[in-house]
Each structure stands twice: as structure tokens, then as C-alpha cells.
Amino acid sequence: QRAEWAKLRNVPTVTKDGKQVELAANIGTPADVANVLLNGGEAVGLFRTEYLYMGRASTPSEKEQFTAYKAVLERMEGKPVVVRTLDIGGDKELPYLELPKEMNPFLGFRAIRLCLERQDIFRTQLRALLRASIYGNLRIMFPMIATLGEFRQAKTVLLEEKTKLAAEGIQVSGEIELGIMVEIPSTAVLSDLFAKEVDFFSIGTNDLIQYTMASDRMNERVAYLYQPYNPSILRLVKMVIDAAHAEGKWVGMCGEMAGDPTAIPLLVGLGLDEFSMSASSILPARSQISKLSTEEMRKLAAKALACGTAEEVIALVQRMNM
Ligand code: PEP
Ligand code: MG
């Protein structure tokens, strides 16, 4: 099996019947890039930038961030890199921000909500990203978008910083795609309207599942409700993919589900364009996808969407594998 995977390192990801998809990696630091390339990653689908802000006494400077983003872009040698802007809050705390304790941190002041209020922090990150953009193929992604208003506001801030940099005579790439994470049900439901304004979506199933099922992703006692294969999740994923494709936009997934061998046949059937996962899952996923037919997976996905329970969906996929 390992020998087969090794052969797949430098080839595109294509289904049995010729449909190409992109297999990307989730990373947390510039040092992770080596492993992405070693495992045949075609892109970075999610660069979680939180590490830059954690384990220190204050926010990182523009220069420090610029250096990190430039390093990732350069090491990826022109391959796409989706950088997610700061997603702090929820389970990830920053002591130096001195935020009050909340009753429901996962429903609270985090990610884009915090960035739109603490624009000093947000603007510094955006400037660093814009300055780094000329060193590779940068895509910027906002986390935890719940409303069109939030997206428009964040985009306005980004464009303001771009204009300021131009006025300072600093070069910025003209080809930066701008997307959002779809990890809140309200955004999945309105995805047809979001699709007119974004360049791409990346579905964050880790949070989308917890918010759809109202099941805290850290709470063992309600873990039985954290169901990636619940048909409601699959229907939301389908809505998002169909909405994007109707506007000619692409859709990725960067939650754990994207690298899950049970989910992959369904996601291929639903038409997902990009799968972003831990680097070690890429070659096994490429091997699996090369053996699937999109036509058959479309039929499988249609059956799964009509199921009533997660157990029925899992049984459906397992039957196909026998
Ligand atoms: C997600 O929510 O699926 C995701 C990829 O983001 P994180 O796990 O960092 O919340
Ligand atoms: Mg998330």
C-alpha cells in the first residue's frame, strides 16, 4: 500500500472516470509545509494563523507575520495557499487580550467578531498578508462568518488596507482570491447569496456540525450528537456546493470530514472541488478517489441525502465498499 501511495505523490487527483479534484493540507506553522509537499499536497487549504498569536505576551507585529506568510507562500512554490485570518476565542484563548469569561465561548466573541471590533489586530494581519501576497499564490479566508454584513465589512477593511499600501508604494498581488469559511448554519442556508460576493467557500465541518446539531465539539457527554454523517449535514454541504457552482465559484472543505474515508465517496458525489486535510491523509485519499466513479458517487450521495439517520448513511457507504 505504501508503495502505491508513493507513486501518487506527484500526480493529480483524478477519479476513475476522469474528474479532477484538489487535495490540500491543513497547516499550523510554516514548518509544516515540508510535510505537505512530501505527502503530495497540491495546495494549503487552511493555514490556521492562531499559532502566531499564542504562547506570547502580546500580538505579533506586522513584520513578524509578514515573514511567516512569505515563508509559507515561497515554500509552496506557487501552489495555492489559503490563509485564514485570526480565529481566536471559543476553545482558543489569548490571555493578553483580557477578554471577559463567557457563558458560551463557542457562541461568543471570537474569530471575525473579535477582528471586526479589534480592528487594530485585524488590520495588522491583513497588511502582513497583502505585503506577502507577491511571493506566491495567496488566498485569504475569513472564519466564522454568520452574516453577509460581516463579510462585507471585513472585505471593506481589507480593501482599505490594500488602498493604503498602494498609496505607500508597496506592491500587492492583484490576484488574491477572497473567500469565507462556511461553518455556521445561517451562512450555509444563505450560500446562494454569499456565492455572488465571494470567490470561494471552504466548509468548516468541525464547527458546522457542532452548530447544526447544537452539540459542543469538546463535550464528551453530547458526543453522540456530533454526527458528520447526519443527513442534515450532508444536505447543508450540498446546498453550499450547488450554490457556489451556480455562480461559477469553487468549494473546498477543511474540517476533519474532508479526509475521512467514509465521507470522501459522498463528498465526491456531491461535487466538492477541494479537500483539505492533515498531510498524512492526502496520499490515502488520492488512492481512494482514483478508484471512485463520480457517476456512481452521485447516485450514492442522492441516496444518502434521502436517509433519515447517520447510521443509515454509514451503512450505505459501507455496503458500497463490500
Ligand atoms: C472547522 O471548523 O471545520 C475548521 C476547520 O476550523 P477549526 O477546526 O480551526 O475551528
Ligand atoms: Mg472552525
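The values are calculated or read from the model by the stated rules, or taken from the named source; none is laboratory data. All figures in this text were calculated on a predicted structure; none of them were measured in a lab. Positions of Cβ are generated from backbone atoms using ideal geometry, with glycine treated the same way; all protein chains shown enter the neighbour counts.
What to note about this one:
- Residue in region 42-58 that is polar (S, T, N, Q), assigned to a loop (DSSP other than H, G, I, E, B) and closer than 23 Å to Leu178 by Cα present: no
- Extreme residue, nearest to Arg123 (Cα to Cα), among residues of region 158-191 that are part of a helix (DSSP H, G or I) and within 16 Å of ligand 1 (Cβ to nearest atom): Thr187
- For the residues Glu220, Glu197, the requirement of being under 24 Å from Ser278 (Cβ atoms) and acidic (Asp, Glu) singles out Glu220.
- Among the residues of region 300-311, those identified as in a helix (DSSP H, G or I) and either exposed (fewer than 13 other Cβ atoms within 10 Å of the Cβ) or free of Cβ contacts under 8 Å to residues at least 12 places away in the same chain (or both) are Ala302, Glu311.
- Selection within region 248-280 - surrounded by fewer than 22 Cβ atoms within 10 Å (Cβ to Cβ) and either in contact with a His (Cβ under 6 Å, 6 or more places away or on another chain) or in a helix (DSSP H, G or I) (or both): Glu256, Ser280
- With respect to the conditions (1) over 30 Å from Glu77 (Cβ atoms); (2) within 16 Å of ligand 2 (Cβ to nearest atom), Ser202 falls short on a single one, namely (1).
- Some residue of region 256-266 being in contact with a strand residue (DSSP E or B) (Cβ under 6 Å, 6 or more places away or on another chain) and not polar (S, T, N, Q): yes
- Taken over region 173-199, the residue count meeting the criterion of being away from ligand 2 (no atom under 16 Å from the Cβ) and either closer than 26 Å to Gly136 by Cα or not hydrophobic (A, V, I, L, M, F, W, C) (or both) is 13.
- Candidates are the residues of region 59-82 that are of a type in the set (A, V, I, L, M, F, W, C), under 12 Å from Tyr135 (Cβ atoms) and outside any helix (DSSP H, G or I); the one that is farthest from ligand 2 (Cβ to nearest atom) is Met76.
- Flag if Met297 is at pLDDT below 95 and over 21 Å from Asn26 (Cα atoms): no
- Of all residues in region 199-211, none that is farther than 13 Å from Val237 by Cβ has its Cβ atom under 7 Å from the Cβ atom of a residue that is in a helix (DSSP H, G or I) and near ligand 2 (Cβ under 9 Å from one of its atoms), 6 or more apart or on another chain.
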